[in-house]
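Written out below as structure tokens is the structure these notes cover.
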Amino acid sequence: MTLLAARPSARDPKAPFALTPEVLPLDRRAPGYDRMLAGAALALALIGALLVWAATRDVARANGQNPQGFLYRHLLNLVIASALFVAAARTDARLLRLFGPFVYLASLAGLLAVFVVGSTVNGAHAWIRLGGGFELQPSEFMKLGMIVGMAVLFAQRGADREEQLPPPTSDVLLAIGLVTVPLVLVMLQPDLGSAMVLASAAFGVLVAAGVQARWTVGLLLAAVLVAIIAVKVGVLADYQLARFSSFTRPGHDVQGTAYNVTQAHIAIANGGLFGRGLFNGPQTNGGFVPEQQTDFVYSVAGEEFGLVGGAVIIALFAVLCWRGLRIARSADPAGRLVAVGVVCWLAFQAFQNIGMNLGLTPVTGLPLPFVSYGGSSMFAQGLAIGLLQAVHRRSAS
Amino acid sequence: MADPRLVGRRLGLIGVLVASLVVTLLGRLYYVQLLDPNKPVQTAGFVHDGLVVVPAPRGEIVDARGRPLVKNTSAQVLTVNRGALQALPDEGTAVLTRLAQLLGTTAALLAKEITPCSPTVPAPCWTGQPYEPVPVATTVPTSVVLDVSEHREQYPGVALQTVTLPQYPDGSLAAHVLGYTGAVNEADKKQNTSLSDADTIGRTGLQAQYDSVLRGVDGSQTMLLDPRGEVVGQGTSRAAVQGDTLVTSIDADVQKLVEQSLAQQIADSRAKGKPATSGSVVVMDPNTGRILAAASYPTYDPQLFVGGISAKDYATLTAPSANDPLLNRAIAGEYAPGSTFKLITTSSAVTHDELSLTGTYPCPGSMTIDGRVKTNFDSESFGAPISLQDALGYSCDTFFYAPAAAEYYADQARVAAGQKPNEWLQKTAAAYGVGRAPGVDLPAGEQGAGSYADRETRLARWNANKAQYCADAKKGFPTESDPAQRQYLTQLASENCTDGWRYRAGDNADMAIGQGETTMSPLQLALAYSAMFNGGKVWQPTLGWGVVDGSGKVVQTIKPKVASTVPVRQDVYNYIANSLSFSRGWAVSGAFAYLDSPYRNEIGGKTGTAEVFGHQDTSWLTTWGPVSHDAKGNVKAQLVVVGMVEQAGTGATAAGPMLKRVWDGLFGVGRPSVLPGIKPAATLPHLTPQVRVTTAPAPAKRGAATSPGLPMPIVPTHAARTGANR
């Protein structure tokens, strides 16, 4: 404030106008914000709006519903998410240690509430109906809550020690405990995709916290072992196994579980270099790809915007991750871990989602961050990006 | 806290990991969109076709003069379009609630009924295609029709369809011959893949026998569906082609006459204290082999089965107290024919020189055969030998025992000599059609074959059952409470065990008078008596006469064939027919009732009083007339009429008055004849071309024909939905 007040007086009173503006417009409006990070997220959300619109307008019209219904609701979600973003960005990152445990416990409470009052969508008991057509998916917020909880744990206990040593076994075990509780709850819903995101984000936080390599390698091996046992013993629900088997044998059972994958693949493969053009994708308009506005929204981009459009989305995620890691480098320990956790979350979820659209990874029912239609994920991601901004502002000041 | 350099390395590692993910995705995207040599293509049409079957109206069944026995009527069917309901804000709850109130059911049940069946959706559920409007009520009352059509805005997705349903205009008239219809089930579809769930199939009678003729060709309405199976428009439609008309030889007036007389006789006999549980009448033309009328009591209304019979109605029809109203006793029933069988006995005995037309033979009150005393009915006897004519007229049983027993012993001698027995009586019975289905144009399960005993079948049955007989004889029926009954059954089992294979002289004597194991259907008796007037031909009779298509053209003429010819001389037939002419008055049993009839000299007949173990006698009368003589003096008759009333007493007391009313009606006593000249229709009736009945849904012109696989724009649904409901 003092700077702003001082600068006009420093200007040459004889000059008709200043040759260089003292303050760039964005700097003035958002001091200390990482504009590229926010811009990439906003760009993804706006591209998402177009894709959701394209995916839903013909089918909605055929059902006698408002063709712009999904577009409007997506934009409304974006507005709410932006508000959450601003609120999160304006908080002081030093307060993380204070509210971190509450964020973790609150999201855990939400996850537990699902088992009491939740409803089932597409085989997963993961939703809380709020009334008025609004639903909340607590597992989306759990991702952020878990990252914040772990970050605070490591930072708090690390600050109590003077030596520059890797976190001791007790810290690592505590952190694993913090991860295990929500992981088990999410698996019980059962929401395999969210569980995998939680695990990969937690893994990123552990790596960034500098835990010894034997822990990280050991945990990786343990994860593989658990996965093998889960399949053998039959812990996974039938629909989950079916998705995996349709991944390993995509030509099999075209009308069944592999149907989504096959239809999305057809849509993307026929996009070509520049795509069919917005609203001109026959696969999309014909409503061939189920869940196209959520899990398979990327197939709209592939069909209507082609290789270029698909690559732009991937590139925007790359920018997002780059800025996130950049923030992590210059942040304090707690902020660093939050940044790395968020980057790992978004990177893994985006990879998993785009990968399943491209037939690279199994279908697990995860939305594409910022792009897919869906309030809960948009809100949680808005909060996450806002939190990164807060961390960034803290380290920049 | 950890070493900053280590943390820096770790962050770098994560950066590399993320970068590798990005590169992987970009590479895969590039491959899928540009490099992949085997790009997948959409094989399903963007809009594909769904088929709604438009069931064809069934063909009519008319009588010999073209009067409808089964016709078509239009009915209003209430349908619900589930897709349209689900598009409503409340998913159709309000509409279903209103509709349920109107139909007297519950909204929950309606909701279940319109939900397509699937492994997770058990019955009640909709078995058709998800895009088809679901019929929720057939034959809707007018009040409901008015309510729905006047408040269309309150019933979105609900539509009224006009469908054609079979109608039996005269209720139960000729019910057993016409038969009933039913809905197509899985077994039918397996047998005939062209059937659809919407079709009606003939289940019994002519409806079943001529089902392929009557069913017609289903039409279809193509619905354009998006990949989710939602209707987005209508494609081509093909009108249903109504089934052809079946002309029968049934004369509706004659049929009415015999049914009324039969029902009255049942009532009269019951009034006289007889059980009179059932009865039947058959009227046929002995010269053509066509059946003019076939009545069976008790009867039923086949209209109950149209559109599906209610569980309550079905339970009523099949209850033991109802006494099998669905059974066609005239054709499927098998009864001891009693003395009416003496036609066959006489034919055999005279043809094989066991009796002479000119000789006289004793008719004692009783006769001992094979150690058992057999008596005449009421033990009547004649002191002096009588002629065959009188034996037939008075129906003397003992007269016919003698040749039957003699034939038996002659055959036993042949068997003892290692020869095959002649069994003339059995062979003659077989020639007359006893023991084989008459081959009438009805389903195989609906025609009785009748039966008789001979040495071979007796032995075969014994071989199959002797283990049981002997076991029963040894055990002695310990569960039977009545000691007398127990002793009788044990004695019987014991005799069967040791001697059950033996065909005895008494068995042959029983057969000679239509008792023992001899059974025939009323139709079989009519066929046997018809042979007297057509030179010994036993017809394979018919009910169907011709098939007429929609333009009135005769596409098929159905002609009775000769199933067998009885090797009996014409003079024997003339002798029998003359012996039994009612003109002989008192000398012919059964003629008494006709003494005052103006036509008494023109008809003849043979009574039968069949004894049935544990029941009252079956009353029989076979008649023929009007009688004429051709140039060679051979006896001719225009009709043969056979009547039977179960548990009603002698032939003269029940079947006699019953057929007298029939002949009164035919000859026109006291009123105009129902069959002027007693001449059956000689030519097929001329049927005017049908007004083609078209059924909903009406063909939609808007949506042009599509070829599957061709991407085409989606037609907005609202118009299409209403179109489908029109």
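Observations
- Test result for B:Glu517, surrounded by 13 or more Cβ atoms within 10 Å (Cβ to Cβ) and in contact (Cβ under 8 Å) with a residue 60 or more places away in the chain: yes
- Residue match in segment B:187-209 (condition: among the basic types (Lys, Arg), assigned to a loop (DSSP other than H, G, I, E, B) and in contact (Cβ under 8 Å) with a residue 60 or more places away in the chain): yes
- Qualifying residue in segment B:64-75 (condition: more than 8 Å from every other protein chain (Cβ to nearest Cβ), crowded, with 22+ Cβ neighbours inside 10 Å and under 30 Å from B:Val140 (Cβ atoms)): yes
- Residue count for segment B:50-86 under the criterion of being outside any strand (DSSP E or B) and touching a residue at least 60 places away in the same chain (Cβ under 8 Å): the result is 16.
- Pick from segment B:217-241, criterion closer than 30 Å to B:Pro685 by Cβ and either modelled with pLDDT of 90 or more or part of a strand (DSSP E or B) (or both), ranking: farthest from the other protein chains (Cβ to nearest Cβ): B:Val241
- Among the conditions (1) closer than 20 Å to B:Ser339 by Cα; (2) at pLDDT 95 or above, B:Ala610 misses just one, which is (2).
- Pair list, Cβ < 7 Å and 6+ apart or interchain, from segment B:378-400 residues that are modelled with pLDDT of 90 or more to residues that are assigned to a helix (DSSP H, G or I) and surrounded by fewer than 17 Cβ atoms within 10 Å (Cβ to Cβ): B:Asp390/B:Ala587; B:Gly393/B:Ala587
- Residue, surrounded by the fewest Cβ atoms within 10 Å (Cβ to Cβ), within segment B:285-300, restricted to residues that are closer than 23 Å to B:Arg65 by Cβ and within 16 Å of the chain's Cα centre (by Cα): B:Thr299
- Restricting attention to segment A:152-172, the residues being modelled with pLDDT under 85 and part of a loop (DSSP other than H, G, I, E, B) number 7.
- Looking across segment A:87-137, the residues that are under 18 Å from A:Ala195 (Cα atoms), at pLDDT below 70 and not small (Gly, Ala, Ser) come down to A:Thr120, A:Val121, A:Asn122, A:His125.
- In the set A:Ala208, A:Ala202, only one residue is crowded, with 23+ Cβ neighbours inside 10 Å, modelled with pLDDT of 85 or more, at the interface with chain B (Cβ under 9 Å from one of its Cβ atoms) and closer than 28 Å to A:Pro138 by Cα; that residue is A:Ala208.
- Residues within segment B:422-450 that are surrounded by fewer than 18 Cβ atoms within 10 Å (Cβ to Cβ) and among the acidic types (Asp, Glu), tallied: 0
- Sole exception among (1) touching a helix residue (DSSP H, G or I) at 6+ places or on another chain (Cβ under 8 Å); (2) at pLDDT 90 or above for A:Tyr72, by number: (1)
- Count of segment B:14-41 residues, restricted to those that are in a helix (DSSP H, G or I) and facing chain A (nearest Cβ under 7 Å), is 13.
- Any hit, segment B:128-141, residues being in a loop (DSSP other than H, G, I, E, B), of a type in the set (Gly, Ala, Ser) and loosely packed, with under 13 Cβ neighbours inside 10 Å: no
- Taken over segment B:460-476, the residue count meeting the criterion of being under 39 Å from the mean Cα position of the chain (by Cα) and either assigned to a loop (DSSP other than H, G, I, E, B) or surrounded by 14 or more Cβ atoms within 10 Å (Cβ to Cβ) (or both) is 6.
- Near pairs, Cβ below 8 angstrom, 6+ apart or cross-chain, from segment A:373-392 (within 15 Å of A:Arg336 (Cβ to Cβ)) to any residue that is aromatic (Phe, Trp, Tyr) and assigned to a helix (DSSP H, G or I): A:Ala384/A:Trp345; A:Gln389/A:Phe85
- Residue satisfying all of: in segment B:371-393; under 44 Å from the mean Cα position of the chain (by Cα) and farther than 20 Å from B:Phe341 by Cβ; surrounded by the most Cβ atoms within 10 Å (Cβ to Cβ) among these: B:Ser379
- Counting only strands (runs of 3 or more DSSP E) that sit completely within segment B:305-420, those holding 3 or more residues that are hydrophobic (A, V, I, L, M, F, W, C) correspond to B:382-387.
- Output for segment B:317-332, where each listed residue is buried (at least 24 other Cβ atoms within 10 Å of the Cβ) and either closer than 12 Å to B:Pro298 by Cβ or without any contact (Cβ under 8 Å) to a residue 24 or more places away in the chain (or both): B:Asn328, B:Arg329
- Subset of segment A:54-82 [in contact (Cβ under 8 Å) with a residue 40 or more places away in the chain and more than 14 Å from chain B (Cβ to nearest Cβ)]: A:Ala54, A:Phe70, A:Arg73, A:His74, A:Asn77, A:Leu78, A:Ile80, A:Ala81, A:Ser82
- Scanning segment A:267-293 for residues that are within 26 Å of the chain's Cα centre (by Cα) and of a type in the set (A, V, I, L, M) turns up A:Ala267, A:Ile268, A:Ala269, A:Leu278, A:Val289.
The values are calculated or read from the model by the stated rules, or taken from the named source; none is laboratory data. Please read these numbers as outputs of a predicted model, since none were measured by experiment. For neighbour counting, all protein chains shown are included, and Cβ atoms are generated from backbone atoms with ideal geometry for every residue, glycine included.
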